[in-house]
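Asks: Can you read through this structure? Questions will come right after.
A short reminder: the numbers here are calculations on the coordinates, not readings from a lab. Only a predicted model underlies this, so the values are computations on that prediction, with no experimental measurement involved. Methodologically, a virtual Cβ is constructed for each residue, glycine included, from the backbone with ideal geometry; neighbour enumeration extends over all protein chains shown.
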Amino acid sequence: MAAADDLRDLSDRVQADLDSAAEFYLNTRRAWRLIQQLVAEGRQFAIVNGAAETLADQQTVDGLAERYVTMDLRSTVLERFVSSLEDFVLNLFRLWLLEFPGILSARTLTLRDVLDLDDKDAIIARFVDNEVRGFGYKRPDDWFQEINKHARLGCPSEDEVQVVCEIKATRDILTHNRGVVNHVYRLKAGDRARFNEGEIIDIPDDYLLQSLTSIKTIVQTMTNAAMAKLRP
Amino acid sequence: MIDTRTRRPLRVQTSAGAGAFIMLRLDQVARVSPLLDANEVKYWIDDEAISIDGRPAVTVINLSRNQDPEFVQRLLDSLD
């Protein structure tokens, strides 16, 4: 029963984080677009410090706006989406292992690993921590495969997994290669790859918001499937 | 093509580190969009537009970072 409550809390928190990230994106974009439009109309402003020295004016801010909106903002928000999904999947996996620790019955620890632990629950928690730590470094398709090996949730679908793999590959190429597509992106994204090697990755609005929808759907369907198993 | 906000030619604007973009009145999108489509320009349009002081709403056409902005400017210049 406690596991089901924990899962509900986890799911609600992750869905709220995703909604918050989307809201941040839309409102921040609106603010920057408004500034761009005001500058285009010839409005002037100055940002000054306590000594009334001008730190930035409309030209300075306007010169930054497009990069902030099209690259920095969108890549930051996409990263938040991916982080929220990781948060959900890793904690679902943790929760499942804590509820069904027999899954780890073939794992071993040394005496040194458990000497400082108080009881059986703490020992189980140590096993689970070790398992989840390695899990976090795996690819998205391996996350879902591993969870389904134990929990048999029957979701997400193969198509949804491929979508997430491409989203994660986009996030990785933005973080590790300045958005320039390489063979690693192509490999990770598979058939869903949106760009060829050497091209610079774009994050159009519809892609960003579709990514949000895809991740929210996966969180919801996995939550429902897991709840059905925890509260039959 | 004339930017009906400024009465000057509609410009493709560029910004360091970002893709190029076109800021224009929402009611001009219907003329520009088919031109871009016909020439296989990769772009997307903000799904919102902003109206200031009750004036006609303005939106942004975002060009892919892989798109040559000068090519798009020539397309705009070819429109009456």
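Asks: Provide a whole-number value for the mean count of partner chain Cβ atoms within 10 Å of the Cβ atoms in peptide A:33-44.
Replies: Rounded to a whole number, the mean comes out at 4.
Asks: Picking from B:Leu24, B:Leu63, B:Leu35, which is most flexible by a Gaussian network model of chain B using Cα springs under 10 Å?
Replies: B:Leu35
Asks: Net charge near A:Asp12, counting Lys/Arg +1 and Asp/Glu -1 over other residues with Cβ under 14 Å of its Cβ? Spell out each step's value before the answer.
Replies: Numbers: positive: A:Arg8, A:Arg13, A:Lys216; negative: A:Asp5, A:Asp6, A:Asp9, A:Asp17, A:Asp19, A:Asp87.
Spelling it out: positives minus negatives among the neighbours equals -3.
Asks: While we're here: What list of ³J(HN,Hα) couplings, whole Hz, do you get for the stretch A:141-152 from phi and the Karplus terms 6.51, -1.76, 1.60, once you set θ to phi - 60° and write x for glycine and proline?
Replies: Per residue, the Karplus-derived 3J(HN,Hα) values read 5, 6, 4, 5, 5, 5, 4, 6, 4, 9, 9, 6 Hz.
Asks: Continuing with the same structure: Measure out, as a whole number of angstrom, how far apart the alpha-carbon centroids of the stretch A:145-177 and the stretch B:1-77 sit.
Replies: 35 Å
Asks: Under unit Cβ charges (Lys, Arg +1; Asp, Glu -1), what dipole magnitude, rounded to 20 debye, does the stretch B:1-55 have relative to its Cα centre? Mind showing how you got there, number by number?
Replies: Numbers: 8 positive and 8 negative charges, 74 e Å.
Dipole of the stretch B:1-55, to the nearest 20 debye: 360 debye.
Asks: Separate question: Tally Lys/Arg at +1 and Asp/Glu at -1 over every other residue whose Cβ is under 10 Å from the Cβ of B:Met23; what's the total?
Replies: Details: positive: A:Arg33, B:Arg5, B:Arg11, B:Arg25; negative: A:Glu66, B:Asp3, B:Asp46.
Taking every Cβ under 10 Å from that of B:Met23, the sum is +1.
Asks: Given charges of +1 on the Cβ of Lys and Arg and -1 on the Cβ of Asp and Glu, with all other atoms neutral, how large is the dipole of the stretch A:1-141 about its Cα centre, in debye to the nearest 20?
Replies: Working: 17 positive and 25 negative charges, 90 e Å.
The calculation lands at about 440 debye.
Asks: While we're looking at this one, here's another question. Can you work out the Karplus-derived ³J(HN,Hα) for every residue in the stretch A:46-62? Use 6.51 cos²θ - 1.76 cosθ + 1.60 with θ = phi - 60°, whole Hz, and x for glycine or proline.
Replies: So the Karplus estimates, Gly and Pro as x, are 9, 10, 10, 9, x, 8, 6, 7, 6, 8, 7, 10, 4, 5, 4, 5, 4 Hz.
Asks: Pick out which of A:Lys120, A:Lys216, A:Lys138 has the largest mean-square fluctuation in a Gaussian network model of chain A, springs linking Cα atoms closer than 10 Å.
Replies: Among A:Lys120, A:Lys216, A:Lys138, the largest GNM mean-square fluctuation belongs to A:Lys120.
Asks: For helix A:120-135, report the angle its Cα long axis makes with the longest principal axis of the Cα atoms of chain A; keep it between 0 and 90° and round to the nearest 10°.
Replies: It is inclined by approximately 50 degrees.
Asks: Sticking with this one: Between A:Thr170, A:Thr60, A:Thr221, where does the largest GNM mean-square fluctuation fall for chain A, given springs only between Cα atoms within less than 10 Å?
Replies: A:Thr60
Asks: Per-residue Cβ counts within 10 Å, from other chains only, averaged over A:13-22: what number is that?
Replies: Partner-chain Cβ atoms within 10 Å, mean over residues of A:13-22: 0.
Asks: Okay, next question. For A:181-192, what's the mean count of beta carbons from other chains sitting within 10 Å of each residue's beta carbon? Write out the running numbers ahead of the final one.
Replies: Values: counts 1, 0, 0, 0, 0, 0, 0, 0, 0, 0, 0, 0.
Averaged over the peptide's residues, the number is 0.
Asks: Farthest toward the dipole's positive end in the protein assembly as shown, which of B:Leu10, A:Val39, A:Val69, given Cβ charges of +1 (Lys, Arg) and -1 (Asp, Glu) about the Cα centre?
Replies: So the residue we want is B:Leu10.
Asks: Given +1 on the Cβ of Lys and Arg, -1 on the Cβ of Asp and Glu, and no further charges, what dipole in debye does the protein assembly as shown carry about its Cα centre, rounded to the nearest 20? Walk me through the numbers on the way to the answer.
Replies: Working: 39 positive and 50 negative charges, 50 e Å.
So the dipole magnitude of the protein assembly as shown works out to roughly 240 debye.
Asks: Among B:Asn66, A:Ala228, A:Leu18, pick out the residue whose Cα is farthest towards the positive end of the charge dipole of the protein assembly as shown, where Lys and Arg carry +1 and Asp and Glu carry -1 on C-beta, about the Cα centre.
Replies: Value computed over the given set: B:Asn66.
Asks: Give, as ranges by residue number, the residues of the stretch A:17-35 whose backbone N falls under 20 Å from the point 7 Å along Cα→Cβ of B:Ile52.
Replies: A:27-35
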